[in-house]
Structure formats: C-alpha cells, structure tokens
Amino acid sequence: MKYNIALLKGDGIGPEIVDSAVAVMKKTAEKFGHSFVFTEYPIGGYAIDNCGEPLPKDTVEGCLASDSVLLGAVGGPKWDELSGDMRPEKALLGIRAALGLYTNLRPAKLYPALKDASPLRSDIVSQGFDIMIVRELTGGIYFGERGYRQGKYGEEAFDTEAYSVMEIERIGRAAFDAAMKRSKRVASIDKANVLETSRLWRKTMHALAAEYPEVEYRDVLVDNAAMQLVRDPKQFDVIVTSNMFGDILSDEASQITGSIGMLASASLGDGKRGMYEPIHGSAPDIAGQDKANPIATILSAAMMLRYSFGLSAEADCIEKAVDSVLENGWRTADIMGSAEGDPLGCTQMTEKVLEAL
Ligand code: NAD
C-alpha cells in the first residue's frame, strides 16, 4: 500500500527526531512491502523565519491532502518574545483545529527495563504498566461559556462545562475501539457524584459499553482515579475522560513513567488521518547536538501505522524493536538512570532500532 505522510519537523530537536522516525518507517515499509511518501512542510519558529507566520496556508493544505501527519516539536527562546498569534505554539492549536482532531491518545507505558526512571516505589512498578489515556480534546470546560459577573461576594469569574451526547459518544467510541486493539479494558473517569455533565457522560458510556460486550468496562470517579494511578497503575488499560480531567491525568500518567523522551501521542478526528507527535517539546538545550532521544517520535510513527493505516503487525514490529533495544541496555542520556557506560546519541539510538527491526 502507498501512504502520503506530511512531515512537520519544526524547531529545536524536531528535525533530528523526525529524521529518525522517517528512517524507521522507511525500513518498516521495505520489510512489509509498503510505500511511504514523505513531504515536508514548515511550521513553528522555522515557518516564522522562512514564511513570516507560524502556520502557513500551504502547510495546512499539505496536511489536509496527506494520509497522516508526523510532527516533531515547535518553539524555542528565539521566538519567545513574539506576541500571541505569532508564537510558534499557536501553530499547534491551528493545525489541530484545521484537521478537526478531537481525540487525544496518550500512551503512558513504563518499560520494565526503565523502571528505575519511575518516581514510584519499585514494588509498585516491578511489572511495568501500559496505559492509554483517551482525552476529549475540543469540548468541555475549556471551550464553554466564560466571563466575569457580579456575584454574592462582588466580582466573580465563571467557566462552564457542557458536553453533548454526540461529543461523548464519539470520544467513547475512540476509547472502545482502542481497547479492542489492546487488552479490552476501559475505565471511564468522571465526577458523576457531583457534575451533571458527568452524569450524562456516564449514561452515554454505559449505552456504548453495551455495544462492546468483549470490553470490560468500569466507571471511576476522578479523585479516585488520580489516587489509583500512583497506587497501582497497572490496573488500567484504556482510560477515557473529558478534556480537563484528561489534561490533568495524562500529565500524572506520563510523569510516573519518568522518561519524557519515550512518550508518544496521537490526535485523531473523524477520518483515518491523524497527527502524531512526541509529548515533549523542542528541547532547545540539546538541539543540534545529536543528544535527543528519538524513541517518542519513533513510537509516534508506530501509532500512525496502527491507528491511521490499520497496520498493526508493522506497528508491533517497531514497538518490539524499541523494547529489544532497551532490554539490551542501550540508552540515550535522558534514560541513563543508574546505567553504566556512555549514552548513545540520537543517530546511534536510531541505528540500534533499525538493527533490531
Ligand atoms: P521540553 O520538553 O522541550 O524539554 C524539557 C526537558 O526535557 C529539557 O531538559 C530537554 O532537554 C528534555 N527533553 C525533552 N525531549 C527530550 C528528548 N527527546 N530527548 C532527551 N531529552 C529531552 O520542554 P521545555 O523546555 O519546557 O520547552 C522547550 C520549547 O518547546 C518551548 O518553546 C515550548 O513552548 C516548546 N514545547 C513544544 C511542544 C510541542 O511542540 N508539542 C510541547 C511542549 C513544549
């Protein structure tokens, strides 16, 4: 099969880590007989310098014409003084909106080989964990009516949360579909003991759960979920939740893995096209020094193959190659922990993954 992939390398370590993921995808294509056609478009600070704006029209059109998008990272000190609309980070919101991406998939996986990196006690993480957080991305309190008014105690500010059945259903379906490709367990996180939106959320999720009899479903209150994530993270497979709860819980989940250079993410909409990116930023402190860990971007590419192209065997193959590189003790500087020896650079780590493939 032939797939067109838009590459948004961006700033800082963006170009290095995207090049690594492209090398891994090319090798995977060769191995499985596919053809991936890559086209680069400017975004972020690079686009400001070369096109005068962070998200040029051609970039949006190129992404819309592609089968999927791989993003490195944007931003850096050079552009920090620019105002609102001209900031590199503004391009991220713009491209997500232009592509209609309302589902955010964020895996938080602790590899047994890297358990020293987790801030959790070793007996809690001895078997690792593998959680997929499915966060609603374009609704809820971040997008509700807001403002200032006179209240009981004088001036007050307010934000409101609204969710429609349609919005809950479509994110719910994304979660159940993701669970069907994993260990078939969904925990839906809400605050149904207090919030009306959560009661509608729960009712809608229950109706969906009936359509997926193979999936083991449960409701968890958000305060309990925050506690359970640090008490026993491996109890979770897929977590589905609203925009704000997902914002908070996905940061908690990524932190307990302890290694920012390892975590991938996907943003999806109605069609097959998605945008895939590491969760970390452009790391200006190590940019251009061949020190970046490319694994988060390589795993983002694996997510693209699985979720946008339905190429599960190919995605498994990349993930297994990464597993085996880590099991064999190869480390970049950010995941050295107490390991001995010199860390690998970005290029060498990429070569190790290619060899393992
Ligand atoms: P950051 O994630 O770029 O870096 C935080 C720390 O983690 C740094 O010490 C960095 O060296 C390290 N790090 C990050 N990724 C790494 C990797 N792959 N390998 C090894 N080490 C890695 O966060 P920051 O320093 O707060 O932000 C830097 C810039 O990135 C800012 O301009 C910020 O706005 C931008 N940013 C962009 C995105 C994005 O493009 N999606 C996300 C977050 C931050």
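The values are calculated or read from the model by the stated rules, or taken from the named source; none is laboratory data. All values reported here derive from a predicted model rather than from experimental measurement. Virtual Cβ from ideal backbone geometry, glycine too; neighbours counted across all protein chains shown. Please note that ligands, DNA and RNA were not included when accessible areas were found on the heavy atoms of the full protein model with its side chains. Shrake-Rupley method; radii C 1.70, N 1.55, O 1.52, S 1.80 Å.
Table for the structure above
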| read-out | value |
| --- | --- |
| Residue pairs meeting the criteria (Cβ under 8 Å; at least 6 apart or on separate chains; first without any contact (Cβ under 8 Å) to a residue 60 or more places away in the chain and within 22 Å of residue 64 (Cα to Cα), in the stretch 80-99; second among the basic types (Lys, Arg) and more than 11 Å from the ligand (Cβ to nearest atom)) | none |
| Members of the stretch 269-293 that are within 7 Å of the ligand (Cβ to nearest atom) and farther than 20 Å from residue 105 by Cβ | 282, 283, 284, 285, 286, 291, 292, 293 |
| Residue count, the stretch 1-40 (criterion: more than 19 Å from the chain's Cα centre (by Cα), more than 16 Å from the ligand (Cβ to nearest atom) and not in a strand (DSSP E or B)) | 10 |
| Members of the stretch 121-137 that are part of a loop (DSSP other than H, G, I, E, B) and surrounded by fewer than 18 Cβ atoms within 10 Å (Cβ to Cβ) | 121, 126, 127, 128 |
| Counted residues, the stretch 63-85 - those being farther than 16 Å from residue 277 by Cβ, more than 16 Å from the ligand (Cβ to nearest atom) and not in a loop (DSSP other than H, G, I, E, B) | 1 |
| Cβ pairs under 6 Å, 6+ apart, first in the stretch 205-223 and of a type in the set (Val, Ile, Thr), second surrounded by 11 or more Cβ atoms within 10 Å (Cβ to Cβ) and in a helix (DSSP H, G or I) | 215/176; 215/179; 222/245 |
| Matching option when the condition is modelled with pLDDT of 95 or more and either hydroxyl-bearing (Ser, Thr, Tyr) or in the same structural domain as residue 230 (by TED's automatic domain parsing) (or both), among 143, 176 | 176 |
| Criterion: away from the ligand (no atom under 16 Å from the Cβ) and under 28 Å from residue 18 (Cβ atoms) - qualifying residue of 91, 174 | 174 |
| The listed residue being open to solvent by 20 Å² or more (accessible area, probe 1.4 Å), in a helix (DSSP H, G or I) and not aromatic (Phe, Trp, Tyr), out of 321, 302, 313 | 313 |
| Answer from 222, 240, 230 - the residue that is out of contact with any Leu (no Cβ under 8 Å at 6 or more places or on another chain), over 26 Å from residue 14 (Cβ atoms), outside the structural domain of residue 306 (by TED's automatic domain parsing) and of a type in the set (Val, Ile, Thr) | 240 |
| Output for the stretch 178-205, where each listed residue is surrounded by 16 or more Cβ atoms within 10 Å (Cβ to Cβ) and among the acidic types (Asp, Glu) | 190 |
| Test result for residue 251, within 16 Å of the ligand (Cβ to nearest atom), farther than 27 Å from residue 356 by Cβ and outside the structural domain of residue 324 (by TED's automatic domain parsing) | yes |
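Each row is one residue, and each column tells you yes or no for (1) open to solvent by 30 Å² or more (accessible area, probe 1.4 Å); (2) over 21 Å from residue 284 (Cβ atoms); (3) at pLDDT below 95; (4) hydroxyl-bearing (Ser, Thr, Tyr).
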| residue | (1), (2), (3), (4) |
| --- | --- |
| 46 | yes, no, no, yes |
| 69 | no, yes, no, no |
| 84 | yes, no, yes, no |
| 102 | no, yes, yes, yes |
| 113 | yes, yes, yes, no |
